[in-house]
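Below is one structure, written out as structure tokens, with a few remarks after it.
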Amino acid sequence: MTAAPQAAAPHGPLAGFTVGVTAARRADELAALLTRRGATVLHAPALRIVPLADDSELLATTRQLIAAPPDTVVATTAIGFRGWIEAADGWGVGGALLDTLKGVELLARGPKVKGAVRAAGLTERWSPASESMAEVLDRLLAEGVAGRRVAVQLHGEPLPGFVEALREGGAEVVGVPVYRWLPPQDMAPLDRLLDAALARGLDALTFTSAPAATSLLNRAEERGLLPGLLAALRDDVLVACVGPVTALPLQARGVTTYTPERFRLGPLVQLLCAELPARSGVLPLAGHAVEIRGHAVVVDGEPRPVPPAGMALLRTLARRPGWVVPRADLLRALPGSGTDEHAVETAMTRLRTALGAPRVIQTVVKRGYRLALDPGVDAKYGGG
């Protein structure tokens, strides 16, 4: 996989926004959902999955559980549970594992996991409607786990707080590492994604697993970029996580995260469709409704791609709508700014052409430029 941007649909709630995707699994599905809604997608897998059949640690744990069955097994992900059964079949112990699981209390976190359990010919004892590991934990602790042996299917890394709480309750906990995350073999796409976040070239960054978030933070730290990345994620780049467990590594670093009510890709995309446009706002300029987005401007509902220099000028003008911004200030805002103010005039001409509404930006002779706020709205923006 490369980090090359995927083309966006010309219209849609995410038109003009660039969204980073860190997922290794189901990345194509997430990217397709985003591009259908107009987003430009930058994909860089933050990790890779160790194939189950090659994982000696899982084989050793499976044999241990067959030899000494636990009292309870907690299945946390559908793909992990299916992979465990398939890997056991490949090792020649599939039948023994199923016999073992038939004789224990089997808890499934949510409907998808329940479906995987039943597809294997098993029946879960209980499954929470909320799909929440916290509800699973509450049930186990309410039942009492002292002296009990509980096997917990891990999804990439230890479940924060879950295993510790069971052990504090007196349980013997066996972690089942159904798949493990490792850093990507090719770091170049991830580095490009990091650089884009630092340069504010991303409007949002999505995470579908806690290990992906941890991997991105670790890579930033290795490159000496962690403070800059955290500043970008805290102030400018919206961070969307598929669920609360995924968000934990980022929240621990002081990053505000957004999570849909249902922990699925579709609701994650809908969350972005609501949040990103709401953050941009609409300005009434010269009789037009102008919305400034990541790499485009929506004029009267029509996305208008704007070159980077033009976006830099427009953002600078939009910080104080209606106020005159001197050419010298606009020159400093231009990428790779030099000393010739003629560069501002050139970039401004191209910006007006890109917008298709040249009167949106007014030239104030010998002073600079300003956004042409409609009459009656100047006071709202403190213009003058």
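The values are calculated or read from the model by the stated rules, or taken from the named source; none is laboratory data. None of the values given here were measured: they were computed from a predicted structure. With ideal geometry, Cβ positions are generated from the backbone for all residues, glycine too; neighbour counts draw on all protein chains shown. Keep in mind that these areas ignore ligands, DNA and RNA; they rest on the heavy atoms of the full protein, side chains included. Shrake-Rupley method; radii C 1.70, N 1.55, O 1.52, S 1.80 Å.
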Problem set entry | For segment 243-384, size of Cβ-based charge dipole, Lys and Arg +1, Asp and Glu -1, in debye | 200
Problem set entry | Size of electric dipole in the chain: Cβ of Lys, Arg +1 and of Asp, Glu -1, about Cα centre, debye, nearest 20 | 1120
Exercise. Say R0 is 41 Å: what FRET efficiency, to the nearest 0.05, do residue 340 and residue 279 get from their beta-carbon distance?
Worked result: 0.75
Seminar exercise, completed: Residue separation between residue 367 and residue 353 times 0.36 nm, minus their alpha-carbon distance, gives in nm 2.9 nm
Exercise. Taking the Cα centre of the chain as the origin and placing charges on Cβ (Lys, Arg +1; Asp, Glu -1), which of 12, 50, 146 is farthest toward the positive end of the dipole?
Worked result: 12
For this session: Calculate the spin-label point distance for residue 146 paired with residue 167, positioning each point 7 Å from the Cα along the beta-carbon direction, and give it in nanometres.
Result: 1.9
Problem set entry | Under 5 Å, built H, 5+ apart or other chain: amide partners of residue 48 | 182
Seminar exercise, completed: Reported to the nearest 10 Å², residue 341 has, with a 1.4 Å probe, an accessible area equal to 80
Problem set entry | Folded to 0 to 90 degrees: helix 265-280 orientation relative to the chain principal axis, Cα | 20
Problem set entry | Angle between the chain longest axis and helix 308-318 axis [Cα atoms, degrees, rounded to 10] | 80
For this session: Report, to the nearest 10°, how far helix 188-198 tilts away from the longest principal axis of the Cα atoms in the chain, using its own Cα long axis and a range of 0 to 90°.
Result: 50
For this session: Compute the FRET efficiency between residue 134 and residue 187 as 1/(1 + (r/R0)^6), taking r as their Cβ-Cβ distance and R0 = 30 Å, and round to the nearest 0.05.
Result: 0.30
Exercise. At what distance in nm do the modelled label points of residue 231 and residue 36 sit from each other, each positioned 7 Å from its Cα along Cα→Cβ?
Worked result: 3.9
For this session: Output the Kirkwood hydrodynamic radius of segment 96-186, Cα pairs only, in Å rounded to one decimal.
Result: 14.2
